[in-house]
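Computed from the coordinates by the stated procedures, all read-outs in this text should not be read as laboratory data. Given the structure is predicted, the values throughout are model-derived calculations rather than measurements. All Cβ positions, glycine included, derive from the backbone under ideal geometry; neighbour counts span all protein chains shown.
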Ligand SMILES: Cc1ncc(COP(=O)(O)O)c(C=O)c1O
């Protein structure tokens, strides 16, 4: 059996059995944290979300995450019946209720709410949005660099389902991940509509070639906050960085490859489609960027 790992692998923590969860203004036990089977998120994947991490008492880049949540809500006409400040307060209240001080991960979700009938039309969601914050103790723990496989599922054009939307409906990414697992890899590397390397099913993707850091143009991927931080860190630290089109040809022969995302920060990639990338271990540029990112989060 293949030993699959995931970019969201973390240490087992039994405290997560007793966490408290925010559901529509109430902070309740995990057992009591339920939403209706008529909820638009459950029924249709009609919702948007953010993942945010707690490091040493502070939620990293929290305002940027809340801005992105509101941008996605506006784009999808999902009415968040709270101010940004109130959303942030809900996050802090949930943190306080859980007594969490560091190494926690929050998934903040807003759906179009409970529907009056089990059909697609958004007008059937009449009672206002559903908002949930799940907050878990979470220390990323990756036993080895991630193995990727390219898959037939692509990152599409913005007029289909804009890849910038952190939508509840992740079926395209889930199918991509399943295809990668069936190919013996951990997760999927997805191409864009032109065949250029774009992103993985859950993270942004970077390669390192001769000391240069390359990532996609950003046209077909999530506007990742960690992605942008890495680009900014390269610029301020004299590391050449390019947002550009590149193909699998450039990727197989890269010196290093890594993923970025709020959960795992920078995750090394060891293999792609059975080809070892670089040494197969975390490379020096990835390691340097991880250190710089850690310092940025602590600043
Ligand atoms: C498809 C996809 N790409 C990239 C990311 C990483 O984004 P961020 O760095 O803002 O966590 C996410 C996280 O939500 C994602 O779902």
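Each row is one residue, and each column tells you yes or no for (1) within 21 Å of residue 8 (Cβ to Cβ); (2) more than 20 Å from the chain's Cα centre (by Cα); (3) without any contact (Cβ under 8 Å) to a residue 60 or more places away in the chain.
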| site | (1), (2), (3) |
| --- | --- |
| 86 | no, yes, yes |
| 92 | no, yes, yes |
| 107 | yes, no, yes |
| 114 | no, yes, no |
| 118 | no, yes, no |
| 124 | no, yes, yes |
| 137 | yes, no, no |
| 140 | yes, no, no |
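Could you check, for the stretch 184-207, whether at least one of its residues is surrounded by fewer than 19 Cβ atoms within 10 Å (Cβ to Cβ), away from the ligand (no atom under 12 Å from the Cβ) and part of a helix (DSSP H, G or I)? The answer is no; no qualifying residue exists.
The residues of the stretch 225-252 that are touching a residue at least 40 places away in the same chain (Cβ under 8 Å) and more than 16 Å from the ligand (Cβ to nearest atom), listed by number, are 237, 239, 245, 246, 247, 248, 250, 251. Of the residues making up the stretch 94-105, those that are within 12 Å of residue 54 (Cβ to Cβ) and in contact (Cβ under 8 Å) with a residue 24 or more places away in the chain are 94, 95, 98, 100, 101, 102, 103, 104, 105. Tallying residues that are out of contact with any helix residue (DSSP H, G or I) (no Cβ under 6 Å at 6 or more places or on another chain), crowded, with 20+ Cβ neighbours inside 10 Å and in a loop (DSSP other than H, G, I, E, B) within the stretch 46-99 yields 1.
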